[in-house]
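Q: One structure is given below, represented as structure tokens, and several questions about it will come after.
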Amino acid sequence: MYPPQQQRRRRSFAPFIVAIIIAGALIVGLKMFFGGTGGGGAGGDSDDKAAKSRACGDGGVTLTIAASSEKAELLGKMAKGYSGRKVDGHCVDVVVNSKASGEAMQSLARGWDKRVDGPKPDVWTPASAGWITLLQRRVEGGDRASLVSSENPTIAKSPLVIAMPEPMAKALGWPAKKIGWSDVLELANDPKGWAKYDHPEWGAFRLGKTNPNFSTSGLNATVGAYFAATGLSGDLSDKDLTAARTRDFVKGVERSIVHYGDTTLTFLSNLQNADDSGAAMSYVSAVAVEEKSVWDYNQGNPTGDPATLGKHAKPKVPLVAIYPKEGTLFSDHPYAVLSWADADKKAIAADFLKYLQSSDQQDKFAEYAFRSFDGKPGKLITKANGLDPKEPATTLSVPAPGVLDRVLKSWAELRKPANVLMVLDVSGSMGAEVPGTGKTKLDLAKQAAVNALPQFGPNDSVGLWMFSLKQDGNKDYRELVPMGRGSQSRLKSRINGLIPNGGTGLYDTALASYQHVLKQQSGDAINAVVLLTDGRNEDNYSISLDDLLAELHKEAGQDTVRLFTIAYGADADLGVLRKISQTTDAAAYDSRKPGSIDQVFTAVISNF
């Protein structure tokens, strides 16, 4: 089963905890450094925390806000300072839950379900008005058509930038030279890569960009690329989207992608890890992020959470912000009061908005490198911090609802394809019933995997393995569907047929699945494994964790297979899974609450 040197490594008898799960729902916010989760997932925790922290006790009125993750923690601090005030005679509590903008939009469009989507909000503040535009498009003509008002004030702003390690930006001529998406495309298409600029050691140009169906930076970067392809700054039309030149331009930019994802935190955390080991320029050449995220990263705080500021050293190689010369969009952080909020809550929402736009609270936004609600840069937006208060020179406008919706559909056709092997734990513990659902952990995992399959496109190659112990002779894993295109119906059938049995052979399976995809990898695709487990390694004769990590390790700049892990259930060891994913420049997801698995699986597949 293994070459001789690997058989020798299998002599370690120390069992190691390893679990993997798909961490639910998106989001950036503190989703992880390779695994931590965002704040507002499904389940009752948010409600419990809110109840314990109420300033008004049981007699107050609670205003619930769903906020995009990059500002949720800061907004929560502001809400805590506001709570306890009286509005129209009511004592008020404001509770902020982190919810990725794209995820919240989808939850609102289908009708908010507390069991799946978390506490129902009275106010929604995504990162960009583009999400409100998409929501209006999705509910057009339905019973939720007036869910959001046409007037949604801004509470803070931050423009989209192309963040680059400073030495790379200087090699391109920054700060004297204006740089944009056309330069990215030219460098991405050049077979010499960075050797064109006398830096062959940096390899090929690699771009980090999130999935525009989930992430604001990904959405704005995709829209920006379409604008750059046409030379327009507004009034993007369907004709512009379908033009061959436009499609070739966007497709060229997408081919330089490392992988996608639901949050920029994956990229920034991986970049921080690479910087810690002295290999900052080997992971990505550029990442599309909000301007404020550049400041966060340069403080050693890629999560942007005020609570973690100062707890990690600043990077050896800082990022600088490139404001695309073709123009860029702002994340304008709109404040949308939802139509189902009653009169009392609408009055409270209006008062809290006034509070957020007050000079004191705007100063707090500025302390974390946000621009003010009217776009004025604060004291942190300086060239010394890699930012430019005079930029962006050109601001792009959000396309019309129908056009924006078709941008996403067009992107789905042009994005970089993926080679993905899904590896699912079918050990006996997966047969445990999840309280309150009437279903087992495996039932919920199967449902989540099947629900996520439509995210794969016709150009993606997808396969399926299951694992426990001794599934195929001495192998702990068994191939159910070979990697290939157009296999969704077979994947669905095989997933639905899985049954729980046996122990957990995690380490051998992780290595074998990685090596399997490595043999079939394509330079024109995202090559990855998605491994879900609820347990610990129970194969006493398997490879050790240390040897597994050594086998997964690649030298800086080498092509690799990214092993995304999902820690599923209370017994999963997210820390070990983070190590596995981190070694392959991927991410670990936290679904230790089995009820979150559907959202988590969706988040994981957003990487492709």
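Q: By how many nm would the segment from Lys80 to Lys311 grow when fully extended, if each residue of separation counts as 0.36 nm and the alpha-carbon distance is taken off?
A: Length gained between Lys80 and Lys311: 80.9 nm.
Q: Under unit Cβ charges (Lys, Arg +1; Asp, Glu -1), what dipole magnitude, rounded to 20 debye, does the stretch 230-282 have relative to its Cα centre?
A: Computed about the Cα centre, the dipole is about 280 debye.
Q: Quick check: from the Cα gyration tensor, does the stretch 470-536 come out rounded (a/c under 1.5), prolate or oblate? Please report the intermediate quantities before stating the final value.
A: Working: a/c = 2.02, a/b = 1.25, b/c = 1.61.
Because a/c hits 1.5 or more and a/b fails to exceed b/c, the stretch 470-536 counts as oblate.
Q: To two decimal places, what compactness ratio does the stretch 403-542 give when its Cα radius of gyration is scaled by 2.2 N^0.38 Å?
A: That ratio works out to 1.13.
Q: Exposure proxy check: Val294, Val481 ranked by fewest other beta carbons within 10 Å?
A: Val481, Val294
Q: Rg/Rh for the stretch 269-365: what does it come to with C-alpha atoms and Rh from Kirkwood?
A: 1.11
Q: Name the shape class, rounded, prolate or oblate, that the alpha-carbon gyration tensor gives for the stretch 191-316, where a ≥ b ≥ c are the square roots of its eigenvalues, rounded holds for a/c under 1.5, and otherwise prolate holds if a/b is larger than b/c and oblate otherwise.
A: Because a/c hits 1.5 or more and a/b fails to exceed b/c, the stretch 191-316 counts as oblate.
Q: Around Val161, with a cut-off of 11 angstrom between Cβ atoms, what is the net charge of the other residues, counting Lys and Arg +1 and Asp and Glu -1?
A: -3
Q: Under 13 Å from the Cβ of Pro175, count the other residues' Cβ atoms, weight Lys and Arg +1, Asp and Glu -1, and hand me the total. Could the numbers behind the result be given before it?
A: Numbers: positive: Lys170, Lys177, Lys178, Lys325, Lys383, Lys390; negative: Glu166, Asp388, Glu391.
Neighbourhood net charge equals +3.
Q: Rounded to the nearest 20 debye, what is the charge dipole size of the stretch 204-360 about its Cα centre when +1 sits on each Lys and Arg Cβ and -1 on each Asp and Glu Cβ?
A: Roughly 480 debye for the stretch 204-360.
Q: Shifting gears a bit: Please report the Cα spread of the stretch 538-606 along all three principal axes, rounded to whole Å, starting with the longest.
A: 37, 32, 15
Q: I would also like to ask the following. Only helical DSSP H runs with n ≥ 4 go in: add -39500 (n - 2.57) per run for the chain, normalise by residue count and round the 222 nm mean residue ellipticity to 500 deg cm²/dmol.
A: Value at 222 nm, helices only, nearest 500: -10500 deg cm²/dmol.
Q: By count of other Cβ within 10 Å, fewest leading, how are Lys251, Lys554 ordered?
A: Fewest-to-most ranking of Lys251, Lys554: Lys554, Lys251.
Q: So for the chain, averaging the separation of alpha carbon pairs under 8 Å that are six or more residues apart and normalising by length, what relative contact order in percent results?
A: 24 percent
Q: How far apart, in nm, are two points set 7 Å out from the Cα along the Cα-to-Cβ line at Tyr541 and at Glu201?
A: 4.7 nm
Q: How large is the translational diffusion coefficient of the stretch 121-173 in µm² per second when you combine the Kirkwood radius over alpha carbon pairs with Stokes-Einstein at 37 °C and 0.692 mPa s?
A: D = 231 µm²/s.
Q: Neighbouring Cβ atoms within 10 Å as the yardstick, rank Trp194, Trp181 fewest first.
A: Numbers: Trp194 21, Trp181 25.
If I rank by nearby Cβ atoms, fewest first, I get Trp194, Trp181.
Q: For the stretch 477-603, rounded, prolate or oblate, judged on the Cα gyration tensor with a ≥ b ≥ c (square roots of eigenvalues), a/c < 1.5 rounded, else prolate if a/b > b/c?
A: Note, shape of the stretch 477-603 comes out rounded.
Q: What does the net charge come to around Lys325 if you take all other residues with beta carbon closer than 14 Å to its beta carbon, with K and R at +1 and D and E at -1?
A: Cβ neighbours under 14 Å give a net charge of -2.
Q: Counting DSSP beta bridges with both partners in the chain, what percentage is antiparallel, nearest 5?
A: 40 percent
Q: Short version: what are the Cα gyration tensor semi-axes of the stretch 77-215, square root of 5 times each eigenvalue, largest first, in whole Å?
A: After diagonalising the Cα gyration tensor, the semi-axes are 43, 20, 14 Å.
Q: Place a +1 charge on the Cβ of each Lys and Arg in the chain and a -1 charge on the Cβ of each Asp and Glu, then give the dipole magnitude about the Cα centre in debye, rounded to the nearest 20.
A: 380 debye
Q: Let's test the formula: R0 of 41 Å, r as the Cβ-Cβ distance of Ser277 and Asn501. What FRET efficiency results, to the nearest 0.05?
A: In this case the efficiency is close to 0.50.
Read-outs: derived from the displayed coordinates by stated rules, not from any lab. All of these numbers come straight from a predicted model, not from anything done at the bench. Cβ atoms come from the backbone with ideal geometry, glycine included; neighbour counts cover every protein chain shown.
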